[in-house]
């Protein structure tokens with residue numbers, strides 16, 4: 001069966017418009033609900049466009065850094081503290097930004113590792129974390145991946161542990177601990193996340209859902225794990241999604257305000 005959705009995405013084997021994709025695999029169900037959000041005209045506004053605005057500011061900080069301009073620290077601060085950024089936790093970023101100003105040599109070394117395109121991704125994360133930790137600082141994988149978006153936000157989207165674990169559980173994909181990755185192995189955890197997104201994109205493509213890049217895949221995985229159903233969906237679909245999501249009481253904010 002082939003169904004054309006609102007935005008023109010073709011969904012093979014989907015049940016778009018029905019309350020629940022019964023009798024399918026965990027991946028099928030996850031992609032079904034992912035596409036329900038992705039096909040909405042509001043997806044880019046709510047899950048993509050603002051991340052690209054923030055990433056452009058990170059790219060500016062990286063450009064200044066590579067030009068050996070000390071203004072890179074302030075530019076990094078602008079990316080973190082200015083709207084529309086809502087991706088980071090101030091409890092993690094404020095001490096880090098203060099450290100960048102008080103210890104610019106070590107901070108520069110850390111960012112040189114994180115923004116080194118010649119190294120594999122896991123090495124960038126691990127060397128960055130080693131320098132930060134040796135300086136008595138701590139920054140979680142979420143904020144590390146946020147700064148790393150300066151490399152390419154569409155190829156290296158942000159990682160959030162709760163959303164990632166939830167998405168992997170919903171699809172049956174092994175989470176980092178199940179894959180034998182230790183908590184402190186930040187680089188391996190992030191690469192595990194990228195592999196998940198790549199598999200998600202491949203499976204989506206096989207089903208006729210054309211995510212543009214990893215940023216789309218990350219965005220829809222966040223909506224499926226964290227947001228309430230779109231308000232203009234039929235009530236049966238809204239209830240079916242909440243049952244699928246399994247934590248209706250955890251969120252009161254809606255992904256779509258209409």
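The C-alpha atoms of the chain define a longest principal axis, and helix 214-226 lies at about 70 degrees to it. For region 49-151, a/c is less than 1.5, where a ≥ b ≥ c are the root eigenvalues of the C-alpha gyration tensor. That puts it in the rounded class.
Between 0 and 90 degrees, the angle of helix 72-81 with respect to the longest Cα principal axis of the chain falls at about 30 degrees. Residue ranges 81-88, 37-44 sort as 37-44, 81-88 when ordered by packing (mean number of other C-beta atoms within 10 Å per residue, highest first).
Most fluctuating residue of 126, 69, 152 in a GNM of the chain with Cα springs under 10 Å: which is it? Greatest mean-square fluctuation among the candidates belongs to 69.
Would you calculate, for the chain, the mean residue ellipticity at 222 nm contributed by helices, counting each DSSP H stretch of 4 or more residues as -39,500 (n - 2.57) and dividing by all residues, to the nearest 500?
Taking each H run of at least 4 residues, the total per residue is -18000 deg cm²/dmol.
Once the Cα atoms of helix 235-245 and of the chain are each reduced to a long axis, what angle between those two axes, in degrees from 0 to 90 to the nearest 10, is obtained? Roughly 50 degrees, rounded to the nearest 10. Among rounded, prolate and oblate, which fits region 109-151 when a ≥ b ≥ c are the square roots of the eigenvalues of its C-alpha gyration tensor, a/c under 1.5 means rounded, and a/b larger than b/c means prolate? Oblate, because a/c is 1.5 or more while a/b does not exceed b/c. Among 66, 112, 48, the largest mean-square fluctuation in a Gaussian network model of the chain, built with springs joining Cα atoms closer than 10 Å, belongs to 66. Note on residue 117 and residue 155: their simple-model spin labels are 0.7 nm apart, each label 7 Å out from Cα toward Cβ.
Bear in mind these aren't lab numbers, they're just calculated from the coordinates by the rules spelled out. Every value quoted in this text rests on a predicted model; they were computed, and no experiment measured them. Heads up, the Cβs are rebuilt from the backbone with ideal geometry, glycines too, and the neighbour counts pull from every protein chain shown.
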